[in-house]
Amino acid sequence: MTDLDSPPFDHAVRGRFNAWFFSALDRYIDRVARPLKRIAFDGLDAARVVEIGPGVGANLRYLPAAAELIAIEPNLRMHAPLRRRCADAGITLTLVPGYADRLPLPDRSVDEVICSLVLCTVPDPDAVLAEATRVLRPGGRFRFVEHVAAPSGSPRAQAQQALHKPWAWLFEGCDLHRDTASAIERAGFTRTTIVPMRPRGSIFYPVNTMICGTAEL
Ligand SMILES: C[S@@+](CC[C@H](N)C(=O)[O-])C[C@H]1O[C@@H](n2cnc3c(N)ncnc32)[C@H](O)[C@@H]1O
């Protein structure tokens, strides 16, 4: 879990690199991840959506028009592009420079919590999922698209093992071999749909074992 007094992070060069990387490759990543995002974000029509780790706004295109987005984003370098894109898209942004393991929201106060490529990076996915279940109303949904550990012994699992350390350093904590599906399954949702999928045409070999879906409280 994040230290309660931790300020939002700024890894200088790496933070800038990540903001640049996710901006520059936004369209490409979206093309690759679109089949998963269509499943995860299908029927997302709430006026107010909480997104954890929105980065530079990859999921704005899946939000309803004129939605209000409450964005929990600790990387300060992501903030300016996220603000710009929300303004361009007509989305009302409340940007919280904090961590998803303590959401500044009352219990049972929101209908939708979404994320993509974030549970791989947060220090404690169980704590983040506990926060999501705390703030969601009964019947509310957690929607996710994540890369996960490849099947044990597979060539991709070996690549994940080999690249684990440099990858985590470059992508600010991203863990290549997390069992995120199990974390979602044990988080206390009443109905969980987890779809495993290998994105087509992706050049990012180590992260091409993915899951997407919804978990309803
Ligand atoms: C790989 S990026 C994905 C960004 C975006 N969701 C996307 O799909 O392009 C991971 C994001 O999670 C954010 N993040 C890292 N630790 C976090 C935490 N404890 N709480 C919330 N967000 C976090 C990072 O700052 C970054 O924006």
How far apart, in nm, are the 7 Å Cα→Cβ label points at residue 102 and residue 190?
3.0 nm
Taking the chain as a Gaussian network, where each spring joins two C-alpha atoms under 10 Å apart, which residue of 29, 72, 184 fluctuates the most?
29
Could you please state how large a percent of the accessible area of the chain is carbon and sulfur, counting protein chains only and using a 1.4 Å probe?
55 percent
Under a 5 Å amide H to amide H cut-off, with H placed in plane at 1.01 Å, what residues pair with residue 70 once short-range neighbours are removed?
49, 50, 51, 94
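Write down the accessible area per residue of the chain in Å², having rolled a 1.4 Å probe over the full set of protein chains.
Values: 10290 Å² over 217 residues.
I get 47 Å² per residue for the chain.
Over the chain, calculate the relative contact order: mean separation of alpha carbon pairs under 8 Å at least 6 apart, over the residue count, as a percent.
On the way: 417 pairs, mean separation 45.7, N = 217.
Relative contact order, the chain: 21 percent.
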Over all pairs of different Cα atoms in the range 13-216, the reciprocal of the mean inverse distance gives a Kirkwood radius in Å of 17.0 Å
Between the modelled labels at residue 170 and residue 68 (7 Å from Cα along Cα→Cβ) the distance in nm is 4.0 nm
Placed amide H near residue 178: partners under 5 Å, 5+ positions off or other chain
149
Mind checking which of 129, 205, 176 is farthest towards the positive end of the chain's charge dipole, using Cβ charges of +1 (Lys, Arg) and -1 (Asp, Glu) about the Cα centre?
205
Under unit Cβ charges (Lys, Arg +1; Asp, Glu -1), what dipole magnitude, rounded to 20 debye, does the range 13-216 have relative to its Cα centre?
580 debye
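The values are calculated or read from the model by the stated rules, or taken from the named source; none is laboratory data. All values derive from a computational prediction rather than experimental measurement. FYI the Cβ positions are ideal-geometry reconstructions off the backbone, even for glycines, and counts take in every protein chain you see. Side chains included, ligands, DNA and RNA excluded: accessible areas come from the protein's heavy atoms. Shrake-Rupley method; radii C 1.70, N 1.55, O 1.52, S 1.80 Å.
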